[in-house]
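A short worksheet on the structure shown next.
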Ligand code: CO
C-alpha cells in the first residue's frame, strides 16, 4: 500500500518536473524574445513547487518506512534508496535558494544569448558572477570530500571525483596528444566537400531520414531547430531532439542529428512503467553521452555506415556530391584539425576542448580564477593546448551554453561518454554476429536492440560503473578509445 502511495507521489513530482522541461524546451526553440522575463518567473515558481513536493515530511516518513520494508522487490528497493538519496539532497536547500537559483539561471541564459550575439562578454559577466557565487554556496550546502568541485561533478556523474578526471586526462595527455601530433605531421585530409551550398530543406529531410534509419520513433518524439542542439524528454513517448542547419556546412546537421538521435533513442528506451521513478531515468550524463557518441562516432563516422548512406546523401545532393566517393566522404568527415568550436571539433582534438573547460571550472571553484579573467584565460589555454588564436569571445569563451545554465562539472561527462562508447561498441561487435556488415546494409536494428537490452531498459538500477562492468566485464578503460582511434586514424592518415 505505501509503495503505491510513494509511486503516486513521485509521479506528481515528475509531472511538475516535466512541465518545467516543456517550458525550457520551448524557451530554447520557439519562445519569442520578449517572453523571457515571464518565462523565468514561471520556471522559478515551478522549481519552488517541485522542491516543496520533494521535501514534504510525509514523503520522508514514507521513504524511511519503505526503506525497512523487506517485502519489496529489488527494483522497488532501488527506487526507494535512490529517492531517499535525492530527498536528503533536496532537504539541504531552502525553497528560497532553489527559486533564486532558477531565476539566476534564466537571467544568466538570456544574458549569455545576448552577449554571444553581440560578441560582448561584459553583458554576461555580472550574471555569471552571481551564478558562480550561488554554485559555490551550493557546493557547501551539498557537502563534499576533498575538492569542492567534487560536489558539482557528483551531480552529473555520481561517484566520479576531480582526481578521477585528472587521471583520465593524464592518459589523454600521454597517449592522445602525441598521436594527434603525428597526424598533424602526416599528409592532410581535404574536407572541402562539406562546405558547398547545401539548401536547408534538403538537409532537414536528409537528417530526418537518418534519424528514422537509427530507429528514432517519430510517433514518440520530434525534431526542431535550436542554436545549440540538445535532447530533452517529457516521458519515453515524447522525446524532443533539436538540430541546427548551416547551409555552408553539411557536417553540422548530420552529426548533430545522429548525436542527439542517440540521446533520443536512450530516452525512448527507458521503461515507461517506471515514469517518475529512478529506474525510469538515465544512469548518468556520462552514460547518456556514451549513447550519443556511439551513434555519432563509432557508427556515424565509420566507413561501414557510409557505404550505403553515401548514396542517400547523393540522392539529396546530387550536384554537390557528383564528383565524390564514399571513401572521400568518409575521410573528409574524419579530418583531424585543432579548431575553435567544441561542437564541430573532430573526435580526437575534441577532448582537448574538454580538458580546457575542466581546468577552468576547477580553477573557478578553487577561487584561483575570477569570472572577469575568463576570456583571457580561455584564449591562453587555446593557444597552449590547440595552438590556435581565438579571434572573438563569441568563438571563444561564449561559445557554450552550459555555464549560463549553471552546469559546472558537466563537460567532463562528454569525454567520459566517448570513452564508454568505444568500450561498449567493442563489446557490441563481439556479441552481435556480423554487426559491421549490418551497418553497411543500413540495418541498425540489432545494434539498437542490443543497447536497449544492455543499457536503456535498466534505467538507474545500476550505477554507471556497475553497468559498465556488467556489460564489458571491466571498469571504464581508456585503452578502448585509444585503440579505436589508433586503428581508424592510422589508416586514414597512412601512419604506421
Ligand atoms: Co550529447
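The values are calculated or read from the model by the stated rules, or taken from the named source; none is laboratory data. On a predicted model such as this, the values are computed, not experimentally measured, just so you know. Please note: Cβ atoms are built from the backbone with ideal geometry, for glycine as well, and neighbour counts cover all protein chains shown.
Condition first: in contact with a strand residue (DSSP E or B) (Cβ under 7 Å, 6 or more places away or on another chain) and within 23 Å of residue 117 (Cβ to Cβ). Now tell me which residues in region 201-231 satisfy that.
Of everything in region 201-231, those that are in contact with a strand residue (DSSP E or B) (Cβ under 7 Å, 6 or more places away or on another chain) and within 23 Å of residue 117 (Cβ to Cβ) turn out to be 224, 225, 226, 229, 230.
Per-residue answers, yes or no, for (1) within 30 Å of residue 177 (Cβ to Cβ); (2) more than 16 Å from the ligand (Cβ to nearest atom):
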site: 389; (1), (2): yes, yes
site: 392; (1), (2): yes, yes
site: 398; (1), (2): yes, yes
site: 403; (1), (2): yes, yes
site: 418; (1), (2): yes, no
site: 422; (1), (2): yes, no
site: 438; (1), (2): no, yes
site: 452; (1), (2): no, yes
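Quick check, is residue 72 part of a loop (DSSP other than H, G, I, E, B), modelled with pLDDT of 95 or more and assigned by TED's automatic domain parsing to the domain that holds residue 37?
Against the criterion (part of a loop (DSSP other than H, G, I, E, B), modelled with pLDDT of 95 or more and assigned by TED's automatic domain parsing to the domain that holds residue 37), residue 72 qualifies.
Within region 301-314, can one find any residue that is part of a helix (DSSP H, G or I) and within 16 Å of the ligand (Cβ to nearest atom)?
no
Can you tell me which residues in region 222-246 are under 30 Å from residue 274 (Cβ atoms) and away from the ligand (no atom under 16 Å from the Cβ)?
222, 224, 234, 235, 236, 237, 238
Would you mind stating whether residue 251 is farther than 17 Å from residue 425 by Cα and within 13 Å of the chain's Cα centre (by Cα)?
When the stated conditions are applied, residue 251 does not pass them.
May I ask you to verify whether residue 268 is more than 30 Å from residue 175 (Cα to Cα) and in a loop (DSSP other than H, G, I, E, B)?
no
Could you grab me the full set of residues in region 1-29 that are loosely packed, with under 12 Cβ neighbours inside 10 Å and either at pLDDT below 95 or within 19 Å of the chain's Cα centre (by Cα) (or both)?
Passing the criteria: only 1.
Answer yes or no as to whether residue 152 is away from the ligand (no atom under 16 Å from the Cβ), touching a residue at least 24 places away in the same chain (Cβ under 8 Å), surrounded by 21 or more Cβ atoms within 10 Å (Cβ to Cβ) and closer than 30 Å to residue 88 by Cα.
yes
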